[in-house]
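**Q** Sending over a structure as structure tokens; questions will come in a sec.
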Amino acid sequence: MECILAIETSCDETSASVLLQHKVLSNVISSQSFHQEYGGIVPELASRAQLKVIDRITKEALQIAGIKLRDINIIAATQGPGLIGSLLVGFNYAKSAALSLNKIFIPVNHVEAHLYSCFIGRENINFPFLGLIVSGGHTILVLVKNYFQYKLLGQTIDDAAGEAFDKAAKLLGLPYPGGPEIDKLSETGNELFHTFPTAKLKKNQYNFSFSGIKTSLLYFLRDNYSDFTISKDISTIPVKDICASYQRAIISALLERILAASNEYKVKNLAVSGGVSLNSKLRSEFLNLAKRDYKIFFPEASFTTDNAAMIGYTAYLKMKHKRNFINENTVLEPAFARFDYSCFNS
Ligand code: KG4
Ligand code: ZN
């Protein structure tokens, strides 16, 4: 029986998880709130803080799971994409542990792990499915034909969906990360208050572009609420209506693409993952589809933002369903590149 210890440190989270095959026994996540005062992640501070906590977090994960290190037979870690300093902390910690303890080491692509996070705890997955991964760093749409067999349909050509939320929040003077703040304010806002444009891309209808929407918010505020752009006094603008309208534009762009792909490829299993999949408007739109003949899969909340359980689960799937993976890409490059989707070129 595979007993897996997984480590994730691709951005500002430090996470360790223990799994017995597909079952998660523990999933400890340590987040870094101190980046808030900078309005975004400071990579150097993130990796230094991770160095301090990684050992403690790993021991905690083993303890909660009731598993001794000697009982672990596989060690998995995020190989990329992500922040280089942060990745080095977790990857080298895990790889050194595996080498010195003579365990199997499995490197895992972070984006691929988000994709499979919708199915954590299951032994089998409903194929084919369309995977939409929407996070702070990534927005991609992929057709998953079987375990590790993909057709990459589209990706963002500039900002990620989560980035569009975070940058809008910054313009509105809201705290970082912006997604949850905009989500909350939108609850009682009028989403038809204003139409923010999102680009349609001629070259590939499944690609996304979110940098324009942030600029249109900037111009909208400048042209209609010039006092606000100086004072940043949120009580001077209809912030709830602006948030709801902005959120609607992003979610519509995501929905449009996945529905078009569903139509073209005749696939009605839709799996949406990554931090933005926590968004309540996104969830309600997708759950509406479930009332028709779509099957919708979301990760559990604790497996949605960055976590090691999804790394361990993907390692388990690799072990079970993918041959020749162990030495594949164990080097650090090119997976440390920000947009390494090479795992989807199957
Ligand atoms: O998956 P994740 O933790 O990190 C990356 O791998 O990037 O995603 C973080 C992103 C942030 O941009 C955050 O604003 C967004 O997910 N997010 C949300 C919500 N919760 C988190 N965006 C919209 N609505 C939310 N409720
Ligand atoms: Zn992530």
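Values in this text are rule-based calculations from the coordinates and carry no lab data. Treat the numbers as computed from the prediction; the structure is a model and nothing was measured. So basically every Cβ, Gly included, is an ideal-geometry build from the backbone, and we count neighbours across all protein chains shown.
**Q** Please report, for the Cα atoms of segment 20-79, the Rg to one decimal and the Dmax as a whole number; what are they, in angstrom?
**A** Over segment 20-79's Cα set, Rg and Dmax evaluate to 14.4, 42 Å.
**Q** Using the Cα atoms of the chain to build a convex hull, what is its mean projected area in square nanometres?
**A** Mean orientational projected area (the chain, Cα hull): 17.4 nm².
**Q** Where a ≥ b ≥ c are the square roots of the eigenvalues of the C-alpha gyration tensor, would you call segment 129-298 rounded, which needs a/c under 1.5, or, failing that, prolate if a/b is larger than b/c, or oblate?
**A** The shape class here is prolate.
**Q** Spin-label point model (7 Å from Cα, Cβ direction): what's the Lys232 to Asn263 distance in nm?
**A** 4.3 nm
**Q** Please give the contour-minus-distance gain from Ser280 to Leu201: 0.36 nm per residue of separation, less the Cα-Cα distance, rounded to one decimal in nm.
**A** 25.8 nm
**Q** If I require 27 Å or longer along the helix axis, counting alpha carbons, and a Kyte-Doolittle average no lower than 0.0, what helices from the chain are left? Use full DSSP H segments.
**A** Span-like helices here: 239-265.
**Q** So, R0 is 35 Å and r is the distance between the beta-carbons of Lys68 and Ala301; what FRET efficiency does that work out to, to 0.05?
**A** For Lys68 and Ala301, the calculated efficiency is 0.75.
**Q** Calculate, in nm to one decimal, what Asn92 and Glu60 gain on full extension: separation in residues at 0.36 nm each, minus their alpha carbon distance.
**A** Value of the extension gain: 9.6 nm.
**Q** Choose one answer from Phe210, Phe196, Phe228: the residue with the largest mean-square fluctuation in a GNM of the chain with alpha-carbon springs under 10 Å.
**A** Comparing Phe210, Phe196, Phe228 in a Gaussian network model of the chain, the most mobile one is Phe228.
**Q** Suppose we look only past 19 Å in the calculated P(r) of segment 217-267. What percent of the Cα-Cα pairs does that tail hold?
**A** 46 percent
**Q** From the cross-link list Lys214/Lys240; Lys170/Lys214; Lys240/Lys281, which pairs have alpha carbons spaced over 18 Å apart?
**A** none
**Q** Could you check which residue among Arg70, Arg248, Arg283 shows the biggest mean-square fluctuation in a GNM of the chain with a 10 Å Cα cutoff?
**A** Arg70
**Q** Taking the Cβ-Cβ separation of Ile84 and Lys151 as r and a Förster radius of 25 Å, what is the calculated FRET efficiency to the nearest 0.05?
**A** 0.30
**Q** A further question on this structure: For the chain, what is the mean residue ellipticity at 222 nm derived from helices alone (per DSSP H run of n ≥ 4: -39500 (n - 2.57); sum divided by total residues; nearest 500 deg cm²/dmol)?
**A** Result for the chain, helices only: -13000 deg cm²/dmol.
**Q** Using 0.36 nm per residue, how much length does the chain from Ser216 to Leu287 gain when fully extended, once their Cα-Cα distance is taken away?
**A** 22.6 nm
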